[in-house]
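In what follows, a structure is listed as structure tokens, so that the remarks can point back to it.
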Amino acid sequence: MTEENAAIDDLDDAEDGIDDTGPRPVAADERRPSLIADDVHVKYRVFGGKRRAHTEPGGRLRRAFNRSQRHVGAVTEVHAVKGVSFVAHHGESIGIVGRNGAGKSTLLRALAGLIPTASGKVYVDGTSSLLGVNAALMSSLTGERNIMIGGLALGLTPQQVRDRMDSVVEFAGIGDFVDLPMSAYSSGMSARLRFAISTAAVPDVLMIDEALATGDAEFRARSQKKIEEIRGQAGTVFLVSHSAATIQRMCDRTLWLDEGRLVMDGPSDEVISAYKAAVRKRSGRR
Ligand SMILES: Nc1ncnc2c1ncn2[C@@H]1O[C@H](COP(=O)(O)OP(=O)(O)OP(=O)(O)O)[C@@H](O)[C@H]1O
Ligand SMILES: [Mg+2]
């Protein structure tokens, strides 16, 4: 199955989504802003790429001359997020959709302050925590050590982490595996532990990057409850997912990114159907 087909498959899930109550009414403007993105640009500099012949200055002689430097490679700039602006409010849960490489993960990292913006500003009211499929857990360490490190990274004290250890392990549902190195975990188990760690301290802004996709149905239900809990405490949730059904179930508002730009920002149903239409049109053209 090609990626594009897989994406459409995911999108089709939306039609038979579990929840058909539709999006909740949004009275966002009456709420307090929790996060403001103001014309955010993010650029990556990539070192060590192979220099293309036509990008190399000078003629063949010059290139031959420079051969000794060639292993250094070219510096390529990837402009991953291009001028994204929006205002998120307390209690809102916001989905982010877009093709592979659209800039979704990059935007989340920038919103969480993990990577610098090239220009533009991000204002956050309170603490933020990014939960990603690539979150920095160490596979050679046990689950317990990772919970400690993750908890400290969230700003908890060692004693606070110890107090919450049991509930994190229980929420992750990993049982005795907590004493084994994470390299012995299945990918679903790691994802569950990551989610459990990042919600050990309830952040004001929780960002989730596709982490729910790897969990099983029972864990998805549990994490959905946790998300509701965070929203209930007036927190804000961002959720990046390729599953339209998940976004429609969990988010009342959705941002659609394409090639680093914010194409649409509105109620999930409207944005998802516009996105679906664009995906269909694109795959029809092929
Ligand atoms: N660490 C990095 N160094 C250089 N370029 C990067 C890096 N991470 C991402 N990019 C580039 O930035 C752009 C946006 O990538 P990003 O990972 O944000 O996309 P995405 O929307 O999350 O995609 P996916 O759906 O595949 O997760 C892509 O062109 C990608 O190649
Ligand atoms: Mg991504």
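Read-outs throughout are calculated quantities, based only on the coordinates presented, and are distinct from any laboratory measurement. Please read all numbers here as calculations on a predicted model, not as lab measurements. Because the Cβ atoms are built from the backbone with ideal geometry, glycine has one as well, and the counts that use them run over all protein chains shown.
So for segment 204-286, what are the equivalent ellipsoid semi-axes in whole Å, largest first, each being the square root of 5 times an eigenvalue of the Cα gyration tensor?
Over the Cα atoms of segment 204-286, the semi-axes work out to 25, 15, 11 Å.
Once you place label points 7 Å from the Cα toward the Cβ at Asp269 and Ala217, how far apart are they in nm?
2.6
Semi-axes of the equivalent ellipsoid of segment 121-250: what are they in whole Å, largest first, if each equals the square root of 5 times a C-alpha gyration tensor eigenvalue?
22, 18, 13
For labels at Thr76 and His41 in the simple 7 Å Cα→Cβ model, what's the distance in nm?
2.0
On each of the three principal axes of the Cα atoms of segment 167-208, give max minus min coordinate, whole Å, ordered largest first.
Result for segment 167-208: principal-axis Cα extents of 32, 19, 13 Å.
Where Lys and Arg each count +1 and Asp and Glu each count -1, what net charge lies around Val271 among other residues with Cβ under 10 Å from its Cβ?
On the way: positive: Arg253, Lys276; negative: Asp265, Asp269, Glu270.
Local charge sum for Val271: -1.
Per residue, what volume in Å³ does the convex hull of the Cα atoms of segment 175-238 enclose? Intermediate values should be presented prior to the final figure.
Values: hull volume 5.5 nm³, N = 64.
That works out to 85 Å³ per residue.
Using the per-residue mean of other Cβ atoms lying within 10 Å as a proxy for protection, in what order, highest first, do the peptides 150-159, 237-246, 36-45 fall? Please report the intermediate quantities before stating the final value.
Numbers: 150-159: 14.9, 237-246: 23.3, 36-45: 16.8.
Order by mean packing, descending: 237-246, 36-45, 150-159.
When every alpha-carbon pair in segment 84-168 is counted, what percent end up more than 17 Å apart?
Working: 2155 of 3570 pairs.
Tail fraction, whole percent: 60.
Suppose R0 equals 35 Å; then what is the FRET efficiency for Lys281 and Gln233 from their Cβ-Cβ distance, rounded to the nearest 0.05?
That gives a FRET efficiency of 0.30.
With labels modelled as points extended 7 Å from the Cα through the Cβ direction, what inter-label distance (nm, one decimal) is found for Asp258 paired with Ser167?
Spacing of the two 7 Å Cα→Cβ label points: 4.4 nm.
Along the charge dipole of segment 77-153, pointing to its positive end and built from +1/-1 on Cβ of Lys, Arg, Asp and Glu, which listed residue (Ser119, Leu137, Ala102) has its Cα farthest out?
Farthest towards the positive pole: Ala102.
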